[in-house]
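Bear in mind that the values in this text are calculations on the coordinates, not laboratory data. The structure displayed is predicted, hence computed values, not measured ones. Virtual Cβ from ideal backbone geometry, glycine too; neighbours counted across all protein chains shown.
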Amino acid sequence: MNTFRADRNALGMVEWNSISMGIFAADAMLKVSKVELIYANTICPGKYICVVRGEVAEVRASVEAGRDASPVSVVDEMIIPNLHPSVFPAIAAATHSEKVDAVGVIETFSAASAILAADRAAKTAQILLLIVRLATGLGGKSYVVLTGEVAAVRSAVEAGANTAQEKGLLVQTTVVPQPEPRLFEKLN
């Protein structure tokens, strides 16, 4: 994963229910503006996603081009104009924590909704994003794992869940105060 650049902190993503149309539309996304390609690949169950980063106008044009190239195949899309810097390391599962008061989980029906939920959670409370898992091997679901003080985790999970619920893409949430250390090691 590339390093974070503050001048290119907008993130955009489109998720399609067709791999072939996803590849076709992702190509359109990259041709329309000078965005940085973060991720383009298949996800379960037979879907395709493309994630780009850049300046807001570039990302907006890219996402619109991807959506317009295959509108009937679009499952979800999103643009975050000012992405919280902790989201990228969490997508790469490169964040670790030794101390844990609580663990929160936000489970969604789409990859885009998980990224939006993670961003909202990180902007709402003083938490640490541990994982943003994007639908690979999950039957099309995605999830966010975060940690911090119990009150902060509850607040962050609620805010992230509300973001996913706005599109009807929330599966479930949970907050686990003082998780068993052996379980936390597997999440971390």
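In debye, nearest 20, what is the charge dipole magnitude of the chain about its Cα centre with +1 on Lys and Arg Cβ and -1 on Asp and Glu Cβ, if you could check?
Dipole size: approximately 140 debye.
Determine, for 170, 37, the number of other Cβ atoms within 10 Å of each Cβ, and report the residues in order from fewest to most.
With the sparsest Cβ surroundings first, the list reads 37, 170.
Listing 50, 44 from the residue with the fewest other Cβ atoms within 10 Å to the one with the most, what is the order?
Arranged by neighbour count, lowest to highest, 50, 44 become 44, 50.
Positive end of the charge dipole of the stretch 31-188 (Lys, Arg +1 and Asp, Glu -1 on Cβ, about the Cα centre): tell me which of 165, 37, 151 has its Cα farthest that way.
37
Only loop residues by DSSP count here, and only those with at most 13 other Cβ atoms within 10 Å; note down the trypsin sites (Lys or Arg not before Pro) in the stretch 1-102 that meet that.
5, 34, 99
To make sure I understand the rule: partners must be lysines, Cα under 24 Å from the Cα of residue 141, and not fewer than 8 residues away in the same chain. Which ones qualify?
Qualifying lysines at Cα under 24 Å: 47, 123, 167, 186.
Looking at the chain, I'd like the Rg to Rh ratio, where Rg is from alpha-carbon atoms and Rh is Kirkwood's inverse mean 1/r.
Result: Rg/Rh = 0.98.
Spelling out what I want: for every residue of the stretch 123-130, take phi, set θ = phi - 60°, compute 6.51 cos²θ - 1.76 cosθ + 1.60 (Karplus), and round to whole Hz; glycine and proline get x.
Each residue's phi maps through the Karplus curve to give 7, 8, 9, 7, 10, 10, 6, 9 Hz.
For a quick check: sort 84, 96 by the number of other beta carbons within 10 angstrom, fewest at the front.
Fewest-to-most Cβ neighbours within 10 Å comes out as 96, 84.
Rounded to the nearest 0.05, what FRET efficiency do residue 68 and residue 186 have when you use their Cβ-Cβ distance and R0 = 45 Å?
So the FRET efficiency works out to roughly 0.60.
State the extension gain, in nm to one decimal, for the chain segment bounded by residue 34 and residue 165, taking 0.36 nm per residue of separation less the distance between their alpha-carbons.
This chain segment gains 44.0 nm when fully extended.
Would you mind calculating the relative contact order of the chain from Cα pairs under 8 angstrom and at least 6 residues apart, reporting the percent as a whole number?
22
Mind putting a number on the dipole of the stretch 87-187 about its Cα centre? Charges go on the C-beta only, +1 for Lys and Arg and -1 for Asp and Glu, and I need it in Debye to the nearest 20.
Dipole of the stretch 87-187, to the nearest 20 debye: 200 debye.
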